[in-house]
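The values are calculated or read from the model by the stated rules, or taken from the named source; none is laboratory data. Note that the coordinates shown come from a computational prediction; the quantities given were computed from them, not determined experimentally. As a convention, Cβ positions derive from the backbone with ideal geometry for all residues, glycine included, and neighbour counts pool all protein chains shown.
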Amino acid sequence: MKALRLPDSKTAGKASAYVVPQLWQPRNGILMANDVNDNKTAEEYTACIAVYKNGSYMMSASGGKVSLFNMMTFKVETKLKGHRNRITGLAFSQTLNILVCSGADAQLCVWSIFGWEKKKTRLIQAPTGRQSPLVGETKIQFHNDHTQLLVAHESQIAVYDSKLDCLRSWTPKDALAAPISWAIYSCDGLLVYATFCDGVVVYSTLC
């Protein structure tokens, strides 16, 4: 596994766009890679990762399963399966002690970090006028409070609680009718920024 790392002496723990990142590799030279099916095309995989416990563990997904890597031993400790289609998003909540994964099947899966038991699954509700069930990449991110989950699908942006109940949602319409490509919380968690497939970027107080 390789990573981009900023020089510690120059960043002082703060984000900066003025420092050139360095390519970092483990000293032992061991590389980690997701297991993939060679019969599938690259478009059928969406590689994504989420880090937990100060970087001691990393969840990695490529295809329809999630692998838990122990970063101390460089070994796979477990694999999780719950999606019919490829996984497109991973998010940890350190407050709720759960992992949420989203997929191209527009489904959300919640896993307990204690024993990695699947706690709940839910399909994203289709907006009025859209055929159900939905399909397409689904991106997720926990709010700063680690209790509310931002869900972005081409058809909508929504906020879910820990029980996967939808608290509020917004659907593209009128002048903003293009499909949504991405959505993310602002650093302070007060706003949601969204990008659209036509290049438009907007922000909202959806949170």
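Is it the case that LEU149 is surrounded by 21 or more Cβ atoms within 10 Å (Cβ to Cβ), within 27 Å of LYS79 (Cβ to Cβ), without any contact (Cβ under 8 Å) to a residue 60 or more places away in the chain and in contact with a Lys or Arg (Cβ under 7 Å, 6 or more places away or on another chain)?
For LEU149, the condition - surrounded by 21 or more Cβ atoms within 10 Å (Cβ to Cβ), within 27 Å of LYS79 (Cβ to Cβ), without any contact (Cβ under 8 Å) to a residue 60 or more places away in the chain and in contact with a Lys or Arg (Cβ under 7 Å, 6 or more places away or on another chain) - is not met.
Quick one: would you say ILE113 is within 26 Å of GLY82 (Cβ to Cβ) and either charged (D, E, K, R) or crowded, with 20+ Cβ neighbours inside 10 Å (or both)?
no
Which one of the conditions (1) outside any loop (DSSP other than H, G, I, E, B); (2) surrounded by 18 or more Cβ atoms within 10 Å (Cβ to Cβ); (3) of a type outside the set (Lys, Arg) does THR195 fail to meet, given that it meets all the rest?
Condition (2) is where THR195 drops out.
With respect to GLY129, determine if the residue is small (Gly, Ala, Ser), modelled with pLDDT of 90 or more and either part of a loop (DSSP other than H, G, I, E, B) or touching a helix residue (DSSP H, G or I) at 6+ places or on another chain (Cβ under 9 Å) (or both).
no
Which condition does PHE74 not pass, out of (1) at positive phi; (2) buried (at least 20 other Cβ atoms within 10 Å of the Cβ), if it passes all the others?
(2)
Considering the range 71-93 alone, what residues qualify as being of a type outside the set (D, E, K, R) and touching a Phe, Trp or Tyr at 6+ places or on another chain (Cβ under 7 Å)?
MET71, VAL76, THR78, LEU80, ALA91, PHE92, SER93
PRO127 - would you say it is without any contact (Cβ under 8 Å) to a residue 60 or more places away in the chain, more than 21 Å from GLY64 (Cα to Cα), of a type outside the set (Ser, Thr, Tyr) and surrounded by fewer than 18 Cβ atoms within 10 Å (Cβ to Cβ)?
Yes; evaluated as a whole, the condition is true for this residue.
I need a count of the residues in the range 69-86 that are assigned to a strand (DSSP E or B) and under 18 Å from TYR52 (Cα atoms).
Looking only at that region, the number is 8.
Regarding the range 114-123, can at least one residue be identified that is within 15 Å of the chain's Cα centre (by Cα) and not in a strand (DSSP E or B)?
Taking every residue of the range 114-123 in turn, none turns out to be within 15 Å of the chain's Cα centre (by Cα) and not in a strand (DSSP E or B).
One line per residue, one yes/no per condition, for (1) charged (D, E, K, R); (2) surrounded by 15 or more Cβ atoms within 10 Å (Cβ to Cβ); (3) part of a strand (DSSP E or B):
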site	(1), (2), (3)
ILE157	no, yes, yes
LYS163	yes, no, no
SER181	no, yes, yes
ASP188	yes, no, no
TYR203	no, no, yes
